[in-house]
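Below you'll find the structure, written out as structure tokens, and then a few comments.
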Amino acid sequence: MGNLLMLLLLTLVLTAPCCCEEGIKIDKETANAFVRRQKRSYPYYERYYEMFKSPMETKHEQCENYAPCDYYSEIIGFQAAYSLVFGRT
């Protein structure tokens, strides 16, 4: 009786993937309800970079706000456009 039960269980386990071709699919909202990500604690230097912008980012924003530099940056790239419009600074 035990061997018959084991054979039936093994047959069921082996045929289950054949019946379900697509497998189990869960939408994002349901999956996120089960899995919650922990927020990581940022080291000091990452908080520093969030508060202050790098010089390159400041130059990039300056170029975006000035129409000729923004236009040239789409054509020849940001570095070349910035040095063309504002000089080598």
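Read the figures in this text as sums done on the coordinates, not as results from a lab. Predicted model, so just to flag it, every value in this text is computed and none were measured. With ideal geometry, Cβ positions are generated from the backbone for all residues, glycine too; neighbour counts draw on all protein chains shown.
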Q: Order these peptides, 67-80, 2-15, by their mean beta-carbon neighbour count within 10 angstrom, highest first.
A: 67-80, 2-15
Q: Find out how many positive minus negative residues lie around Cys63, taking Lys and Arg as positive, Asp and Glu as negative, among other residues whose Cβ is under 13 Å from that of Cys63.
A: -4
